[in-house]
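Just below is one structure, and these are the notes that go with it.
The values are calculated or read from the model by the stated rules, or taken from the named source; none is laboratory data. If you're wondering where the values come from, they're calculated on a predicted model, not measured in any experiment. Quick reminder, even Gly has a Cβ in these numbers, built from the backbone with ideal geometry, and neighbours come from all protein chains shown. Ligands, DNA and RNA are stripped out before the accessible areas are found, and what is left, the full protein with its side chains, is counted by its heavy atoms. Shrake-Rupley method; radii C 1.70, N 1.55, O 1.52, S 1.80 Å.
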Amino acid sequence: MMMVYPTLLGRVLLQPSRSISSLCATTPYISTVRVLQSQYNTSTKGQNHYENDKRGKWFTLPPYTSTINGSVLGKALSTRIPAKSASETTALKWVLRCCPELPRNLVQKLFRLRQVRRESSVMESCNLGDQGQEHRLKRVAAKDSMDVGDRIFLPISVKALPAEKQDCHCSEEETNFIRGLELYKDDAIIVVNKPPGMPVQGGIGIKRSLDELSASCFSSDYSEPPRLVHRLDRDCSGILVMGRTQTSATVLHAIFREKTLAASNDVSSTDVGDKRRILQRKYWALVIGSPRRQKGLISAPLGKVVVDNGKSDRITVVENSQNLSSQHAVTQYRVIESSHGFTWLELSPLTGRKHQLRVHCAEVLGTPIVGDYKYAWQAHRNWKQLPWSNIEDNSNEKSRSEKILPFALDLDSGGISEKHPRLHLHCKQMVLPDVSKALQDVHLSSDYDFSQLASLKFDAPLPPYMKRSWDILRP
């Protein structure tokens with residue numbers, strides 16, 4: 001056995017011993033390494049393992065147990081109605097849950113090549129001896145439903161899959177900075193105050209992203225890295241929620257999705273008070289000019305257009321809402337206060353479309369957000385610094401220049417007193433259901449009534465440059 005997968009086994013022996021039964025009792029999200037670890041520990045003790053496993057032909061996933069359907073639970077939380085959260089799970093989903101390190105496309109390929117086997121819990125009770133194992137193992141398709149107690153067998157050839165993703169190595173200063181962004185943490189979620197200028201997700205030309213850094217800095221007590229459930233633009237700041245497990249992330253995804261679907265299907269309704277919404281997000285934005293009304297509801301479909309000869313794209317309001325590529329976008333707004341040609345707005349997106357708030361402010365209200373050069377570059381062509389703020393700005397220039405933050409972040413410069421202001425858009429407040437408590441309640445009863453489930457409320461302070469703009473414009 002040790003000659004079959006020496007690399008994986010070497011890593012296994014460095015981790016504390018845990019049995020398959022204890023792993024199943026705590027969580028279904030068991031890594032491939034831990035599955036192999038359990039096999040090694042139990043097989044060396046002569047416990048109920050098959051000869052074919054010992055020869056290295058298969059390794060076995062934990063027996064299937066009833067799982068929580070995160071999408072169903074998320075929908076139940078959004079509608080505040082009882083719903084059965086336990087549901088059928090396919091063989092593909094069970095493999096992905098047990099082995100989160102395995103790329104999804106490779107797992108799907110194993111199923112297409114008919115290399116995955118299942119042992120039914122019913123047949124396992126029949127004592128057919130070791131020679132009957134091959135007859136008890138049946139090919140299983142990706143969409144086949146699992147029964148409680150079924151075991152999935154994967155070919156040992158998966159040991160040749162690409163190596164696990166390398167951890168993002170951070171200095172002590174960088175780690176402390178990322179951990180200092182934390183606003184809240186429980187068993188299900190992590191909430192951070194994302195700084196402006198830091199990308200949420202990796203991509204071309206991006207060396208460090210918040211999801212990658214979070215996996216390194218927030219995963220010390222969890223086998224799974226935090227998962228993104230929504231996004232903020234790179235230059236936007238404020239509250240960002242991540243799921244700590246695959247289940248909690250699925251629940252949160254469903255909550256955000258149901259919010260968008262509900263608003264899209266009821267765009268004609270103006271009765272969308274906060275009490276009816278299980279998920280609430282409130283952004284603060286400083287805009288140029290002032291809306292004609294103090295508050296209102298924007299319902300304008302958005303679509304993507306290609307510009308610069310196909311080199312880039314942008315979002316714009318679509319006049320013909322029947323356009324198949326358009327998406328309904330709904331935003332509530334309220335004027336906080338106006339001063340010297342600027343207005344602070346509170347924006348509540350009822351849908352979650354790309355660049356929704358920026359486009360609605362620029363194209364519908366006619367009040368572009370300060371620092372938004374993508375959708376308001378013309379409004380910034382004749383930008384002028386506020387003359388009365390120069391003295392204050394100069395007095396603080398030296399102290400600001402001495403602050404050096406990790407990841408080359410600059411949170412001080414970019415206010416309205418400078419030649420090139422930064423984007424003044426910040427996710428300041430959020431209310432969402434207590435997902436951790438909901439998951440605990442579902443484990444006690446699959447028909448739990450969520451109508452009385454408490455909500456979590458978060459508030460993120462403005463970044464320094466936006467706070468300075470706020471102070472400057474105060475009467």
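Filter the stretch 157-195 for residues that are of a type in the set (Val, Ile, Thr), closer than 26 Å to His426 by Cβ and part of a helix (DSSP H, G or I); which is modelled with the lowest pLDDT? Talk me through it step by step, then tell me what you get.
Step one: of the stretch 157-195, the residues of a type in the set (Val, Ile, Thr) are 158, 175, 178, 189-192.
Subsequent filtering for residues that are closer than 26 Å to His426 by Cβ retains 175, 178, 189-192.
Now narrow it down to the ones that are part of a helix (DSSP H, G or I): 175, 178.
On the way: Thr175: 92, Ile178: 95.
Once the filter is applied, the top-ranked residue is Thr175.
A single entry from Ser264, Ser248 fulfils the requirement of being in a helix (DSSP H, G or I), open to solvent by less than 50 Å² (accessible area, probe 1.4 Å), within 21 Å of Pro100 (Cβ to Cβ) and at pLDDT 70 or above: Ser248. Examine the stretch 216-223 for a residue that is small (Gly, Ala, Ser) and outside any loop (DSSP other than H, G, I, E, B), and state whether such a residue exists. There is at least one residue in the stretch 216-223 that is small (Gly, Ala, Ser) and outside any loop (DSSP other than H, G, I, E, B).
Across the stretch 193-239, what is the number of residues that are out of contact with any Asp or Glu (no Cβ under 7 Å at 6 or more places or on another chain), among the β-branched types (Val, Ile, Thr) and under 21 Å from Val251 (Cα atoms)? Give the derivation first.
Within the stretch 193-239, the first condition is being out of contact with any Asp or Glu (no Cβ under 7 Å at 6 or more places or on another chain), and the residues that meet it are 193-195, 198-199, 203-215, 217-227, 229-239.
Cutting the leftovers down to among the β-branched types (Val, Ile, Thr) gives us 204, 206, 229, 239.
With under 21 Å from Val251 (Cα atoms) added as a condition, the list becomes 229, 239.
The qualifying residues number 2.
Within the stretch 196-215, the only residue that satisfies the criterion of being in contact (Cβ under 8 Å) with a residue 40 or more places away in the chain, open to solvent by less than 10 Å² (accessible area, probe 1.4 Å) and not in a loop (DSSP other than H, G, I, E, B) is Leu213.
I'm trying to understand the selection: among the residues of the stretch 341-362, which are assigned to a loop (DSSP other than H, G, I, E, B) and either at pLDDT 95 or above or touching a helix residue (DSSP H, G or I) at 6+ places or on another chain (Cβ under 6 Å) (or both)?
Leu350, Thr351, Gly352, His355
Ala83 meets all of the listed conditions (1) modelled with pLDDT under 80; (2) under 23 Å from the mean Cα position of the chain (by Cα) but one, namely (2). Checking each residue in the stretch 409-433 for being open to solvent by 30 Å² or more (accessible area, probe 1.4 Å), assigned to a loop (DSSP other than H, G, I, E, B) and either closer than 19 Å to Tyr184 by Cβ or of a type in the set (Gly, Ala, Ser) (or both) picks out only Ser413. Do we have Gly310 as open to solvent by 20 Å² or more (accessible area, probe 1.4 Å), assigned to a loop (DSSP other than H, G, I, E, B) and in contact with a Phe, Trp or Tyr (Cβ under 8 Å, 6 or more places away or on another chain) here? Considered against the rule, which asks whether it is open to solvent by 20 Å² or more (accessible area, probe 1.4 Å), assigned to a loop (DSSP other than H, G, I, E, B) and in contact with a Phe, Trp or Tyr (Cβ under 8 Å, 6 or more places away or on another chain), Gly310 comes out as no.
Say we look at the stretch 424-469 and pick out the residues that are of a type in the set (Phe, Trp, Tyr) and at pLDDT 95 or above; which of these is nearest to Gly341 (Cα to Cα)? That would be Tyr465.
Number of residues in the stretch 97-123 that are part of a helix (DSSP H, G or I) and modelled with pLDDT of 85 or more equals 7.
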